[in-house]
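S.K.: Could you have a look at this structure, given as structure tokens, before my questions?
All of the numbers you see were taken from the coordinates with simple rules; none came from a lab. Computed from a predicted model, the values in this text were never measured in an experiment. Cβ placement follows ideal geometry from the backbone for every residue including glycine, while neighbour counts extend to all protein chains displayed.
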Amino acid sequence: MSRLLAHGMGTEPVAPDWPPLTEAEVEEVVGPARVLWRSPRPLSAAALVEREGQRLFVKRHHRSVRTPAGLAEEHAFLRHLRGRGAPVVEVLATARRGEWVYEVHSAGVGTDLYQDALSWSPFRSEGHARAAGAALAGLHLAAEGFTAPRRRPQPLVSSFTVFAGTDPLAALEEYVAERPSLAAALAGRPWRDDVRRVHIPFHRRLAPYLPGLEPLWTHNDWHASNLLWDDSAGEVSTVLDFGLSDRTTAVHDLATAIERNTVQWLEPSFPVRLDQVDALLDGYTSVRPLRPGESTALPELLPLVHAEFALSELGYFHGVTGSAENADLAYDYFVGHAEWFGTTDGVRLLEHVRHRVTVGQPMT
């Protein structure tokens with residue numbers, strides 16, 4: 001097997017944190033099979049395999065990241081979505097072998113056009129952004145009626161708890177206390193002062209609109225590389241990777257989609273694709289128009305939407321992979337991404353979204 005490199009926290013490929021899946025261990029889980037492609041995504045080991053002419057997707061987690069019970073939470077959501085006709089993969093099996101936990105899915109229908117795309121890279125076209133927005137809205141409609149509680153504390157879940165209520169500082173203390181690895185990672189950092197300085201002013205703007213946001217299970221990692229495409233029609237054919245899913249709100253998921261795809265955090269000066277912001281919102285609202293409370297909350301959520309996942313990454317890098325460098329980057333993301341929304345470019349994006357969702361037209 002040739003040496004596999006993975007996506008890192010920057011633009012350069014890095015050695016993977018987790019050993020790549022081998023054909024021998026895949027066969028232990030699914031029977032005789034051939035590995036066709038190994039994923040470069042960094043937080044687990046995954047591969048597309050072929051068994052008796054059928055393509056399957058096999059993903060391996062360390063038990064410190066996912067247990068069978070942890071996987072069961074997102075798998076229940078997937079089954080609900082499939083039952084409502086959403087284009088998601090089928091969960092076929094979960095298995096545990098020693099320190100590893102495996103999940104097996106159907107491979108999905110469509111072409112993986114963004115197979116090698118990093119997070120925070122743009123769509124190839126406005127058409128793709130519009131189609132992704134429409135697919136996200138359809139997923140939210142299908143998610144209605146799934147009433148499971150939010151997920152138990154575990155690494156690498158994108159939640160909306162700290163900034164979802166009236167007292168984010170108290171909620172943050174509770175969030176940290178439930179996650180010992182995160183608490184250890186924050187020791188020695190000025191996190192309380194940073195939150196008061198950077199995040200709390202944005203939360204004050206958001207707070208009046210929180211009562212109008214209904215809880216909903218959401219995807220929480222809506223990026224082009226988590227979608228398969230019917231390229232001839234320019235439409236999303238399958239939605240992948242619900243590993244970050246949890247009970248948040250629809251507008252939190254939409255804000256995540258804007259943050260993941262249209263702000264280029266890995267490029268100098270963080271350019272923003274406003275054309276793709278508009279296309280994403282056009283596609284979304286063509287299927288599921290935003291309610292008044294959601295429209296006003298969306299721009300106020302944008303500076304905060306990455307915060308809890310950055311904290312989750314911080315705990316993961318400190319307590320699971322032991323990477324001080326990546327832990328530092330995760331903390332920089334926790335503070336810096338919110339901080340950027342106070343800059344000229346960040347304010348411009350917020351004003352653009354605010355105008356777009358209230359007036360219904362892009363700013364000229």
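S.K.: If one computes the Cα centroid of the stretch 188-247 and of the stretch 253-276, what distance in Å separates the two points?
M.R.: When both Cα centres are located, 13 Å separates them.
S.K.: Right, here's the next one. Using a Gaussian network model of the chain whose springs link C-alpha atoms within less than 10 Å, name the residue from Ala307, Ala93, Ala135 with the highest mean-square fluctuation.
M.R.: Ala93
S.K.: Still on this structure, I have one more. For the chain, what is the charge dipole size about the Cα centre, in debye to the nearest 20, if Lys and Arg each add +1 at the Cβ and Asp and Glu each add -1 at the Cβ? Don't skip to the answer; put the middle values down first.
M.R.: Working: 35 positive and 46 negative charges, 112 e Å.
Dipole of the chain, to the nearest 20 debye: 540 debye.
S.K.: Dipole magnitude of the stretch 164-291 about its Cα centre, charges +1 at Lys/Arg Cβ and -1 at Asp/Glu Cβ only, in debye to the nearest 20? Present the calculation step by step, with values, prior to reporting the outcome.
M.R.: Values: 12 positive and 19 negative charges, 127 e Å.
The dipole of the stretch 164-291 has a size of about 620 debye.
S.K.: Add -39500 (n - 2.57) for each DSSP H run of 4 or more in the chain, then divide by its residues: what number comes out at 222 nm, to the nearest 500 deg cm²/dmol? Could you put the intermediate results ahead of the total?
M.R.: Numbers: 13 runs with 150 residues, N = 364.
Dividing the helical sum by the residues of the chain leaves -12500 deg cm²/dmol.
S.K.: Given R₀ = 25 Å, what would the calculated FRET efficiency be for Arg51 paired with Arg97, taking r from the Cβ atoms and rounding to 0.05?
M.R.: Numbers: r = 17 Å, r/R0 = 0.69.
Computed FRET efficiency for Arg51 and Arg97 comes out at 0.90.
S.K.: Compute log10 of I(q)/I(0) for the chain with the Debye formula, placing one identical point scatterer on every Cα and leaving out solvent, at q = 0.07, 0.12, 0.14 Å⁻¹, to two decimals.
M.R.: So the normalised log intensities are -0.28, -0.89, -1.26.
S.K.: Let me ask another. Run the quick spin-label model on Arg63 and Arg189: label points 7 Å from Cα toward the beta carbon, then report their separation in nm to one decimal.
M.R.: Here the modelled spin labels are 2.8 nm apart.
S.K.: Give me, ordered by chain and number, the residues 5 or more places off Thr249 or on other chains with an amide H under 5 Å from its own placed amide H.
M.R.: When sequence neighbours closer than 5 places are left aside, the close amide H contacts are Leu216.
S.K.: Using the Cα atoms of the stretch 176-270, I'd like the radius of gyration and the largest Cα-Cα distance, Dmax, both in angstrom.
M.R.: Computed over the Cα atoms of the stretch 176-270, radius of gyration and Dmax are 17.2, 53 Å.
S.K.: Given points 7 Å out from each Cα along the Cα-Cβ axis, report the Thr358 to Glu214 separation in nanometres with one decimal.
M.R.: Rounded to a tenth, the inter-label distance reads 2.4 nm.
S.K.: Here is a follow-up. Would you kindly state how much longer the chain becomes between Val347 and Arg82 on full extension, computed as 0.36 nm times their sequence separation minus their alpha carbon distance, in nm to one decimal?
M.R.: On the way: separation 265, 0.36 × 265 = 95.40 nm, distance 3.88 nm.
Full extension from Val347 to Arg82 adds 91.5 nm.
S.K.: Scan the stretch 91-180 for trypsin sites (Lys or Arg not before Pro) in coil per DSSP, keeping those whose Cβ has at most 16 other Cβ atoms within 10 Å, and list them by number.
M.R.: Sparse-neighbourhood loop trypsin sites (Lys or Arg not before Pro): Arg124, Arg150.
S.K.: Same structure, new question: Mind giving me the nanometre distance, one decimal, between the label points for Asp332 and Val320, set 7 Å out from Cα along Cα→Cβ?
M.R.: In this crude label model, Asp332 to Val320 measures out at 2.2 nm.
S.K.: If you keep only loop residues by DSSP, which chymotrypsin sites (Phe, Trp or Tyr not before Pro) in the stretch 247-332 have at most 14 other Cβ atoms within 10 Å of their Cβ? The partial results should precede the final answer.
M.R.: Values: sites: Trp265, Tyr284, Phe309, Tyr316, Phe317, Tyr331; in loops: Trp265.
For chymotrypsin sites (Phe, Trp or Tyr not before Pro) across the stretch 247-332 that sit outside H, G, I, E and B with at most 14 neighbouring Cβ atoms in 10 Å, the list is empty.
S.K.: What is the extension gain from Arg204 to Val109, computed as 0.36 nm multiplied by their sequence separation minus the C-alpha to C-alpha distance, in nm to one decimal? Walk me through the numbers on the way to the answer.
M.R.: On the way: separation 95, 0.36 × 95 = 34.20 nm, distance 4.31 nm.
Roughly 29.9 nm would be gained on extension.
S.K.: Using the alpha-carbon centroid of each, what span in Å lies between the stretch 106-131 and the stretch 62-96?
M.R.: The stretch 106-131 and the stretch 62-96 have Cα centres spaced 22 Å from each other.
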